Amino acid sequence: MTTSIVQGPIVQGPIVQGPIVQGWCPGALRPMQSGDGLVVRIRPRAGRLTADQARGIARLARLHGSGLIDLSNRANVQLRGVTEASHPALIEGLRALDLIDTDAADEARRNIIVSPFWTEGDGTQEIALVLAKVLTSPEAPVLPGKFGYSIDLAKLSTLRTTSVDIRIEWHLSGWLVRGESFVTGAMVNTADAAASAVVELAEWFVANGGVEGGRGRMARLWQSESLNARHNRLPQRFQEGGAMSVFAQQPTPGTHTQGQLVGFEFGQMQAETLAALADLGPLRVTPWRMLLIEGATDAPQIPGLITRADDPMLRVIACTGAPGCLQAHAATRPLARALAAKLAAKLTETLHVSGCAKGCAHPGPAALTLTATPAGFALIRGGTASGTPARSGLSASDLTETLFRELP
Ligand code: SF4
């Protein structure tokens with residue numbers, strides 16, 4: 001059966017001076033209009049695509065979209081170039097692959113990022129499935145569209161710098177459920193207990209005024225003393241060290257215990273690449289715009305992958321930019337690509353090129369950010385895309401022909 005599946009508004013808009021903050025993320029059932037068509041965001045269950053699902057997504061991306069596939073910093077998979085006419089058939093295809101929720105509201109609530117370094121039996125998959133069920137039940141608290149969760153049960157946390165609101169982490173004798181930036185949390189040992197502690201924390205967030213105008217983040221409430229006793233456990237590691245241990249930097253491509261981690265230029269690939277990866281095994285999605293090929297022991301020989309940790313393209317982040325994004329003031333990726341080639345080994349920290357001050361591709365600070373404005377690029381050191389520029393009015397050709405010598 002084919003039905004009209006687009007739920008909620010498809011946002012359209014002209015190129016504007018200031019970025020439009022939507023306050024919600026696109027989904028599959030609630031896609032977002034972009035300069036190259038609808039962006040349809042798929043949320044893989046428990047952060048994993050079976051080989052059949054990945055192959056199916058690749059086929060549907062070619063059939064109903066432009067064939068371009070993005071990986072998002074929310075560990076989701078986005079199909080680009082979908083049209084309003086092709087969207088219903090795409091949703092039916094994705095539903096057959098068990099990748100579609102009951103409705104757009106359930107889809108928006110299932111905002112769970114899973115560490116790709118989980119191991120069989122460590123509780124990650126079980127918690128992810130129970131949590132998704134609880135969050136989409138009719139009794140679940142109504143939370144802002146961007147409210148999210150991480151499940152990070154490997155002994156070395158890799159999601160600590162990923163923006164979420166409630167974290168479930170490995171912690172000595174069990175799992176710790178805590179709000180973002182909170183130093184106390186609830187210790188739990190079962191998936192059900194973890195999910196119920198998450199819901200309690202989310203209900204507390206709502207009761208304490210965390211939601212304002214449909215928005216709000218947990219970190220803003222971190223100094224509150226009104227948490228109940230269950231969530232006020234001061235874990236041993238905090239007691240010993242005073243603060244959380246320092247954890248690993250963003251993982252790099254290559255061999256890991258769980259498989260091969262591979263990157264993509266700007267986190268984007270063609271459908272053919274995804275289909276070829278699916279032939280190697282199930283895929284775990286990550287918030288670093290990389291995929292982990294489960295169980296693979298050798299670096300895949302597929303064109304278009306980043307497989308080396310020293311590849312300068314790993315340190316360059318660029319959003320869609322013009323013409324793909326309606327809000328962009330300039331193209332971003334050609335400039336980012338050219339600067340990466342010129343700077344090569346000199347580029348040791350993150351360079352972020354943003355089509356506007358919104359900074360979608362990298363909301364946090366970067367060593368160097370180039371933000372497109374109506375009056376050229378602004379150069380920001382150590383800040384975000386909306387930070388105070390050290391220089392402004394720069395053209396892309398100035399940057400690639402002469403100014404690159406003064407960077408980073
Ligand atoms: S940051 Fe880039 S992708 Fe985001 S709205 Fe601005 S131009 Fe578009």
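Of the residues Thr257, Ser354, Val206, the one whose Cα sits farthest toward the positive end of the charge dipole of the chain, with +1 on the Cβ of Lys and Arg and -1 on the Cβ of Asp and Glu, is Ser354.
Of the DSSP beta bridges with both residues in the chain, give the percent that are antiparallel, rounding to the nearest 5. Display every interim value, and only then the final one.
Values: 48 of 62 bridges.
If I count the DSSP bridges inside the chain, around 75 percent turn out antiparallel.
Please state the charge dipole magnitude for the range 239-390, taken about the Cα centre, from unit charges on C-beta atoms (+1 on K and R, -1 on D and E), reported in debye and rounded to the nearest 20.
On the way: 10 positive and 9 negative charges, 122 e Å.
Here the size comes out at about 580 debye.
When the Cα atoms of the range 118-241 are aligned to their principal axes, the ranges along those axes come out at 39, 32, 26 Å in descending order.
Quick one: work out the % antiparallel among DSSP beta bridges in the range 118-241, nearest 5.
Numbers: 11 of 15 bridges.
The antiparallel fraction comes to roughly 75 percent.
Computed with a 1.4 Å probe on the full set of protein chains, the accessible area for Ser226 sits at about 60 Å².
Of the whole protein surface, His64 contributes about 40 Å² of accessible area at a 1.4 Å probe radius.
Residues Ile112, Ile168, ordered by accessible area of protein heavy atoms at a 1.4 angstrom probe radius and largest first, appear as Ile112, Ile168.
Please state, to two decimals, what the Cα-based radius of gyration of the range 312-406 comes to when divided by 2.2 N^0.38 Å (N = residues).
Values: Rg = 11.6 Å, N = 95, 2.2 N^0.38 = 12.4 Å.
Taking N as the residue count of the range 312-406, the ratio is 0.93.
DSSP beta bridges fully contained in the range 331-392 are about 65 percent antiparallel.
On a full-extension model of 0.36 nm per residue, what is the gain between Ala344 and Asn232, subtracting their alpha-carbon distance, rounded to one decimal in nm? Walk me through the numbers on the way to the answer.
On the way: separation 112, 0.36 × 112 = 40.32 nm, distance 4.75 nm.
My answer for the length gained is 35.6 nm.
By its C-alpha gyration tensor, with a ≥ b ≥ c as the square roots of the eigenvalues, how is the chain shaped: rounded for a/c under 1.5, else prolate for a/b larger than b/c, else oblate? Note, shape of the chain comes out rounded.
Cross-link reach is defined here as a Cα-Cα straight distance under 16 Å, omitting same-chain residues fewer than 8 places apart; for Lys146 the lysines meeting it are Lys358. Using 0.36 nm per residue and subtracting the Cα-Cα separation, the extra length available between Val183 and Glu139 on full extension is 13.1 nm.
Calculated [222 nm] ellipticity per residue, helices only, for the chain: -6500 deg cm²/dmol; basis is -39500 (n - 2.57) per DSSP H run with n ≥ 4, divided by all residues, nearest 500.
Could you tell me the relative contact order of the chain? Use alpha-carbon pairs under 8 Å, at least six residues apart, and round to a whole percent. Spell out each step's value before the answer.
Values: 866 pairs, mean separation 60.8, N = 408.
Dividing the mean separation by the residue count of the chain yields 15 percent.
In the context of the full protein assembly, Glu406 retains an accessible surface of approximately 110 Å², using a probe radius of 1.4 Å and ignoring ligands and nucleic acids.
Per-atom-type breakdown for the range 118-241 gives carbon and sulfur 53% of the accessible area (1.4 Å probe, protein chains only). What whole-number distance in Å separates the alpha-carbon centres of the range 166-193 and the range 83-100? Answer, in whole Å: 36.
When the chain is fully extended, how far beyond the present Cα-Cα distance does Arg215 get from Asp52, taking 0.36 nm per residue of separation? Could you put the intermediate results ahead of the total?
Numbers: separation 163, 0.36 × 163 = 58.68 nm, distance 3.64 nm.
Difference between extended and current length: 55.0 nm.
Relative to the Cα centre, the charge distribution of the range 312-406, modelled as +1 at Lys and Arg Cβ and -1 at Asp and Glu Cβ, gives a dipole magnitude of about 140 debye. Surface analysis of the range 312-406 yields an accessible area of 42 Å² per residue, using protein heavy atoms and a 1.4 Å probe.
Hey, with R₀ at 41 Å, roughly what FRET efficiency would Glu92 and Thr402 work out to, going by the Cβ-Cβ distance, to 0.05?
Working: r = 53 Å, r/R0 = 1.29.
Computed FRET efficiency for Glu92 and Thr402: 0.20.
Across the protein chains, with a 1.4 Å probe defining accessible surface, the residues Asp192, Asp165 rank Asp192, Asp165 from largest area downward.
Across the chain, where is the longest run that never hits chymotrypsin sites (Phe, Trp or Tyr not before Pro) in a DSSP loop with at most 16 other C-beta atoms within 10 Å?
1-221
A Förster radius of 30 Å, combined with the Cβ-Cβ distance separating Asp192 from Thr297, puts the computed FRET efficiency at roughly 0.25. Ordered from highest to lowest accessible area with the whole protein assembly present and a 1.4 Å probe, Thr402, Thr255 read as Thr255, Thr402.
The values are calculated or read from the model by the stated rules, or taken from the named source; none is laboratory data. Everything quoted here is computed from the prediction, not taken from an experiment. Cβ atoms come from the backbone with ideal geometry, glycine included; neighbour counts cover every protein chain shown. Heavy atoms of the whole protein, side chains included, go into the accessibility calculation; ligands, DNA and RNA do not. Shrake-Rupley method; radii C 1.70, N 1.55, O 1.52, S 1.80 Å.
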